[in-house]
1. Looking at the stretch 70-93, I want the residues that are free of Cβ contacts under 8 Å to residues at least 40 places away in the same chain and under 23 Å from Asp162 (Cα atoms) and have a partner that is aliphatic (A, V, I, L, M) and buried (at least 18 other Cβ atoms within 10 Å of the Cβ) with Cβ atoms under 6 Å, at least 6 apart or on another chain. Which pairs are those?
2. Given the conditions (1) away from the ligand (no atom under 15 Å from the Cβ); (2) outside any helix (DSSP H, G or I); (3) touching a strand residue (DSSP E or B) at 6+ places or on another chain (Cβ under 8 Å), and given that Phe337 satisfies all but one, which numbered condition is not satisfied?
3. Consider the stretch 314-324. How many of its residues are crowded, with 19+ Cβ neighbours inside 10 Å and away from the ligand (no atom under 14 Å from the Cβ)?
4. Looking at this structure, is Ala332 away from the ligand (no atom under 15 Å from the Cβ), modelled with pLDDT of 95 or more, buried (at least 20 other Cβ atoms within 10 Å of the Cβ) and more than 19 Å from the chain's Cα centre (by Cα)?
5. Can you give me the number of residues within the stretch 134-150 that are more than 14 Å from the chain's Cα centre (by Cα) and either in a strand (DSSP E or B) or surrounded by fewer than 24 Cβ atoms within 10 Å (Cβ to Cβ) (or both)?
6. So which residues in the stretch 134-162 are more than 15 Å from the ligand (Cβ to nearest atom) and touching a strand residue (DSSP E or B) at 6+ places or on another chain (Cβ under 6 Å), if there are any at all?
7. Where residues in the stretch 183-196 are touching a helix residue (DSSP H, G or I) at 6+ places or on another chain (Cβ under 7 Å) and not aliphatic (A, V, I, L, M), which of them is farthest from Phe333 (Cα to Cα)?
8. Exactly one condition in (1) touching a residue at least 60 places away in the same chain (Cβ under 8 Å); (2) within 16 Å of the ligand (Cβ to nearest atom) is false for Gly165; which is it?
Amino acid sequence: MKVVFSARQLRHAPDVFVSSGAEHPNPESPERADRLLAAATSYGLSVVEPEDYGTDLLAEVHSARYLTFLEHIFDRWQYIAGASRHVMPNIHPDGRNCGYPKSAVGQVGFHVYDGSCPIAADTWDSACWSANTAIHAAHEVLGGSPACYALSRPPGHHAGRDLVGGFCYLNNSALAATVLRQRHARVAVLDIDVHHGNGTQDIFYARDDVLTVSLHADPVRFYPFFWGYADECGTGAGEGFNLNIPLARGTGDDDYLHALQSALQRIRDFRAEALVVALGLDAHESDPFQGLKVSTSGFKRIAGAIAELHLPTVLVQEGGYLSDELGENLYAFLRGFRSHHL
Ligand SMILES: [Zn+2]
């Protein structure tokens, strides 16, 4: 099994984000990727560099105006006297069926829905290489590898078709699923990050060829607050093809694994031909976000259960923040996955 990784992803490094109305050190740091890469290589995965896939595939997942915005907004921001160091929003519409302003400040408010996505000089380039990483891993799987691990960073599952949020700019898991759809009629995305995968849900909400399933801490008191409820089931042709499984804060291994079984059964019933795992490791009991209480050995059991789907699988790194166990959690996941897969 290979790990796809590009060091260009590390250049995106805004030092602060806004949470509870105040600036804090940004937990989505390049050091996360360093530790995850060390864990992947110590497990024995061989490192490959992604190719540059350009922007064609990005346009299948995101709107054209969104991609133009993301590519150019940092440069445009520099013309605003007295503006913040990093691009940050200060006004939002009450919905997105509204006018689309030309103003940089207005467009930031339209596209950036929270304070955890500062845009710096290297953000666009790093986000593109994070996307290339996931796309490359999906091509490895289409090319015959049973599984491949995309060490994508910044993460992607909170980025919607038109929306930046939750440290996410381009939706890497959605891009991997889009590549797998080139050869597979039905693709499932299973999101095990502690936060609901609202961006991925948004992108595939009206589709019946990509099933989206997310297990996460109940949004009633946890980010992303507005999405991730059990009654969000899809719309139009996509009705019945989105499954949210909110879990009580502090849920541990046994209850998590029990809930996971219903997620896996839905994927079996869907007759998925290929799988993307949106691999957040922030459900761990030591993660700074403190949503759930999955243990390191719990990740091994979770991975083993997922592997028993026996599907071609792209593992796409999502969240998982600095704790002493971050690398161990990836190692445990890879061990559990490899011992049961194909
Ligand atoms: Zn997360």
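The values are calculated or read from the model by the stated rules, or taken from the named source; none is laboratory data. This is a predicted model, so every value here is computed, not measured. Backbone-built Cβ (ideal geometry, glycine too); neighbour counts: all protein chains shown.
1. What qualifies is Arg76/Ala104; Val87/Ile73; Val87/Val108; Val87/Ile119; Pro89/Val108; Pro89/Val112.
2. Only one criterion in (1) away from the ligand (no atom under 15 Å from the Cβ); (2) outside any helix (DSSP H, G or I); (3) touching a strand residue (DSSP E or B) at 6+ places or on another chain (Cβ under 8 Å) is unmet by Phe337, namely (2).
3. 2
4. So Ala332 fits the description; yes.
5. Residues flagged as more than 14 Å from the chain's Cα centre (by Cα) and either in a strand (DSSP E or B) or surrounded by fewer than 24 Cβ atoms within 10 Å (Cβ to Cβ) (or both) within the stretch 134-150 amount to 9.
6. Hits for the stretch 134-162 are Ala134, His136, Ala137, Ala138, Glu140, Val141, Ala147, Cys148, Tyr149, Ala150, Leu151.
7. Looking at the filtered set, the residue picked out is Arg183.
8. (1)
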